[in-house]
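Read through the structure below, which is laid out as structure tokens, and then see the notes.
The values are calculated or read from the model by the stated rules, or taken from the named source; none is laboratory data. Since this is a predicted model, take the numbers as computed values, not measurements. Cβ coordinates were reconstructed from backbone atoms using ideal geometry, including for glycine residues, and neighbour counts include every protein chain displayed.
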């Protein structure tokens, strides 16, 4: 059995974990894929952001309309890499306004956020800023929060638990 030299293997893409991706998503039927995406929408978003949009500061907002109405994955590739609390609120406000509209129409929307950052595979101040903005704004709008997560440049997926504001890493 021959081994493939390291130089001929495809390079690792920043903000990616290809081995985990293959383990999670390969070989699934369409129904299994949909069920897995519904069960863990932030991880699905982290694994399916186009490679060209995976960079520091890139943000993905997941808006699930509930009631089997589907969801959307909205990529903002050029968000600030070190956002202020005001930056976080401003970006999320647009999506929460849309979610409020759907709630007034009788649907049960929820919102989640994934951001890309450099740094350690545990919760950071930037994660806390995004979590605080998402939880506070969603609570005011009476919209359920799916959660907030970060994808690091090394490929780690860091989940910030709702209400936790980042005291532990996933």
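Restricting to the stretch 118-138, what's the tally of residues that are at negative phi and surrounded by fewer than 22 Cβ atoms within 10 Å (Cβ to Cβ)? It would help to see each step written out before you state the result.
Kept after step one, since they are at negative phi, are these residues of the stretch 118-138: 118, 120-138.
When the remaining residues are screened for being surrounded by fewer than 22 Cβ atoms within 10 Å (Cβ to Cβ), the result is 118, 120-122, 124-126, 128, 132, 135-137.
Residues that pass the stated criteria total 12.
Being buried (at least 19 other Cβ atoms within 10 Å of the Cβ) and under 21 Å from residue 150 (Cβ atoms) is the filter; apply it to the stretch 94-109 and report the residue that is nearest to the chain's Cα centre (by Cα).
The extreme case among them is 95.
Residues being part of a helix (DSSP H, G or I) and farther than 23 Å from residue 48 by Cβ: count how many of those fall in the stretch 66-88.
Quick first cut of the stretch 66-88, residues part of a helix (DSSP H, G or I) only: 85-88.
Okay, now just the ones that are also farther than 23 Å from residue 48 by Cβ, so 85-87.
Looking only at that region, the number is 3.
Evaluate the following for residue 81: is it surrounded by fewer than 18 Cβ atoms within 10 Å (Cβ to Cβ) and under 13 Å from residue 115 (Cβ atoms)? Steps first, answer last, please.
On the way: surrounded by fewer than 18 Cβ atoms within 10 Å (Cβ to Cβ): yes; under 13 Å from residue 115 (Cβ atoms): yes.
The answer is yes for residue 81.
Kindly check whether there is at least one residue in the stretch 39-54 that is at pLDDT 90 or above, at positive phi, in a loop (DSSP other than H, G, I, E, B) and in contact with a strand residue (DSSP E or B) (Cβ under 9 Å, 6 or more places away or on another chain).
No; the residues of the stretch 39-54 include none that is at pLDDT 90 or above, at positive phi, in a loop (DSSP other than H, G, I, E, B) and in contact with a strand residue (DSSP E or B) (Cβ under 9 Å, 6 or more places away or on another chain).
Is one or more of the residues making up the stretch 161-170 buried (at least 20 other Cβ atoms within 10 Å of the Cβ), in contact with a strand residue (DSSP E or B) (Cβ under 6 Å, 6 or more places away or on another chain) and at pLDDT 95 or above?
So in the stretch 161-170, the residues buried (at least 20 other Cβ atoms within 10 Å of the Cβ) come out as 166.
Of the ones still in play, those that are also in contact with a strand residue (DSSP E or B) (Cβ under 6 Å, 6 or more places away or on another chain) are 166.
Checking which are at pLDDT 95 or above leaves us with none.
No, the stretch 161-170 contains no residue that is buried (at least 20 other Cβ atoms within 10 Å of the Cβ), in contact with a strand residue (DSSP E or B) (Cβ under 6 Å, 6 or more places away or on another chain) and at pLDDT 95 or above.
Go through the stretch 66-78 and give me each residue that's surrounded by 13 or more Cβ atoms within 10 Å (Cβ to Cβ) and within 16 Å of the chain's Cα centre (by Cα). Steps first, answer last, please.
So the first thing to find is which residues in the stretch 66-78 are surrounded by 13 or more Cβ atoms within 10 Å (Cβ to Cβ), and the list is 66, 71, 73-77.
71, 73, 74, 75, 76, 77 - these are the residues of the stretch 66-78 that are surrounded by 13 or more Cβ atoms within 10 Å (Cβ to Cβ) and within 16 Å of the chain's Cα centre (by Cα).
Residue-by-condition table, conditions (1) in contact with a helix residue (DSSP H, G or I) (Cβ under 6 Å, 6 or more places away or on another chain); (2) in a helix (DSSP H, G or I); (3) modelled with pLDDT of 95 or more; (4) farther than 27 Å from residue 50 by Cβ:
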| site | (1), (2), (3), (4) |
| --- | --- |
| 102 | no, yes, no, no |
| 122 | no, no, no, no |
| 146 | yes, no, no, no |
| 150 | yes, no, yes, no |
| 155 | no, no, no, no |
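Say whether the condition of being surrounded by 17 or more Cβ atoms within 10 Å (Cβ to Cβ), part of a loop (DSSP other than H, G, I, E, B) and either at negative phi or modelled with pLDDT of 90 or more (or both) is met by at least one residue in the stretch 19-30.
No - not one qualifying residue is present in the stretch 19-30.
Here is a list: 63, 91. Which entry is in a helix (DSSP H, G or I), at pLDDT 90 or above and either surrounded by 18 or more Cβ atoms within 10 Å (Cβ to Cβ) or in contact with a helix residue (DSSP H, G or I) (Cβ under 6 Å, 6 or more places away or on another chain) (or both)? I'd like the intermediate steps shown before the answer.
Numbers: 63 fails: in a helix (DSSP H, G or I).
One residue alone meets the criteria, 91.
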